[in-house]
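K.L.:
Take a look at the following structure, please.
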Amino acid sequence: IVGGERAALESQPWIAAIFQYNHRMKRDFFSCGGSLIDSCWVLTAAHCFPDYFPRNDFSVILGKSALNETDAHKEQRFQVERIVLHPEYDDSNDSYNNDIALLKLKSTAGKCALETNYVRPVCLPPEGLSLKDGWQCEIAGYGKEKYSHWYYSQKLKEATIELISQETCKTEDYYGSKITDNMLCAGHPQWKVDSCKGDSGGPMVCEKDNRMILYGIISWGDGCGKKNKPGVYTRVTRYNTWIQQNVNQGVGPS
Ligand code: 4AZ
């Protein structure tokens, strides 16, 4: 996160840190953010899982306030039971279309995430919710604080950005035809605040009717905090059916 401030877990209790095991280095490396949407399900970006790495390589930690510190009283760690990439995920047009994936956490004794002050799922948007341009939303993650840094922030950060209209974001000065209806753009009026490398997969939440709603998934952008190059987010409202179908699979009457 460029700009913004350090976040308390209590203000982003749905944040998930996704790690990938590197067999050569024999250790886990942080790879992406995510959002807990149900006790056994994390919503994240499809581009975090590019080369059909086995699900056994990935682990998810909830309740993590710094990548380089472990607080056993707050953290909950899970193996991944299933990775569901969106069937129409497409990275071929110099952007990521349908950049959305679900991770099913492995349960122990029939349970996955336990709700605490530090771990809690976020609400999904109601079908068809469309927030106005200029609406203020927040992003969170452990990613870079400056594009030129070679290291991640390590500490969980959050920041406020504003929604930008599709019309503006599709102009040639911005991203032109790379922006599809499955994406949304958001940024800072002076380009001082943005998501950055390492934040992808993580949440953009917006407050509506006194509720925090997961409205976007941090996806891509040209650099970080660059003029006319806002962060691009997966538009979660386009995926209500797909999310429900996968999360509720095998649950309820048949
Ligand atoms: C990335 O590489 C990335 N400024 C994420 C967000 C943005 C740019 C790059 C948006 O993960």
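K.L.:
Please sort 231-242, 153-164, 112-123 by packing, taking for each peptide the average over its residues of neighbouring beta carbons within 10 angstrom, highest first.
P.N.:
In descending order of packing, they fall as 231-242, 153-164, 112-123.
K.L.:
Tell me what the chain gives for mean residue ellipticity at 222 nm when only DSSP H runs of n ≥ 4 count, each as -39,500 (n - 2.57), the sum divided by the residue total, rounded to 500 deg cm²/dmol.
P.N.:
-1000 deg cm²/dmol
K.L.:
If you place +1 on the Cβ of every Lys and Arg and -1 on the Cβ of every Asp and Glu, how big does the dipole about the Cα centre of the chain come out, in debye to the nearest 20?
P.N.:
Roughly 680 debye for the chain.
K.L.:
Given a cut-off of under 8 Å on Cα pairs at least six residues apart, what relative contact order in percent is computed for the chain?
P.N.:
23
K.L.:
Just tell me which aspartates and glutamates come within less than 12 Å, Cα to Cα, of LYS111; anything on the same chain fewer than 8 places away is out.
P.N.:
Counting by Cα, and skipping residues close in sequence, LYS111 has these aspartates and glutamates nearby: ASP38.
K.L.:
Turning to a different aspect of this structure: Checking the table LYS74/LYS155; LYS155/LYS227; LYS155/LYS192; LYS64/LYS104; LYS197/LYS229; LYS132/LYS208 against a 22 Å threshold on Cα-Cα, which pairs fail?
P.N.:
LYS155/LYS227
K.L.:
Local charge sum around ILE217 (other residues, Cβ-Cβ under 13 Å, Lys/Arg +1, Asp/Glu -1)?
P.N.:
Summing Lys and Arg as +1 and Asp and Glu as -1 gives 0.
K.L.:
Continuing with this model, one more query. So how do TYR142, TYR147 rank on accessible area, 1.4 Å probe, biggest first, that is with the largest at the start?
P.N.:
TYR147, TYR142
K.L.:
Here's something else I'd like to know. Which three lengths, in whole Å and largest first, does the range 1-110 cover when its Cα atoms are put on their principal axes?
P.N.:
Reported extents, whole Å, longest axis first: 42, 38, 32.
K.L.:
Name the residue farthest towards the positive end of the dipole of the range 104-207 from the options SER153, GLY201, LEU105, assuming +1 on Cβ of Lys and Arg, -1 on Cβ of Asp and Glu, about the Cα centre.
P.N.:
It is LEU105.
K.L.:
On to the next question. What percentage of all Cα-Cα pairs in the chain are separated by more than 29 Å?
P.N.:
23
K.L.:
Moving on to the next point. Please find, in a Gaussian network model of the chain (springs between Cα atoms separated by less than 10 Å), the residue of PHE19, PHE53, PHE30 whose mean-square fluctuation is greatest.
P.N.:
Looking only at PHE19, PHE53, PHE30, the biggest GNM fluctuation is shown by PHE53.
The values are calculated or read from the model by the stated rules, or taken from the named source; none is laboratory data. Remember, it's a predicted structure, so these values are computed and weren't measured experimentally. Because the Cβ atoms are built from the backbone with ideal geometry, glycine has one as well, and the counts that use them run over all protein chains shown. Keep in mind that these areas ignore ligands, DNA and RNA; they rest on the heavy atoms of the full protein, side chains included. Shrake-Rupley method; radii C 1.70, N 1.55, O 1.52, S 1.80 Å.
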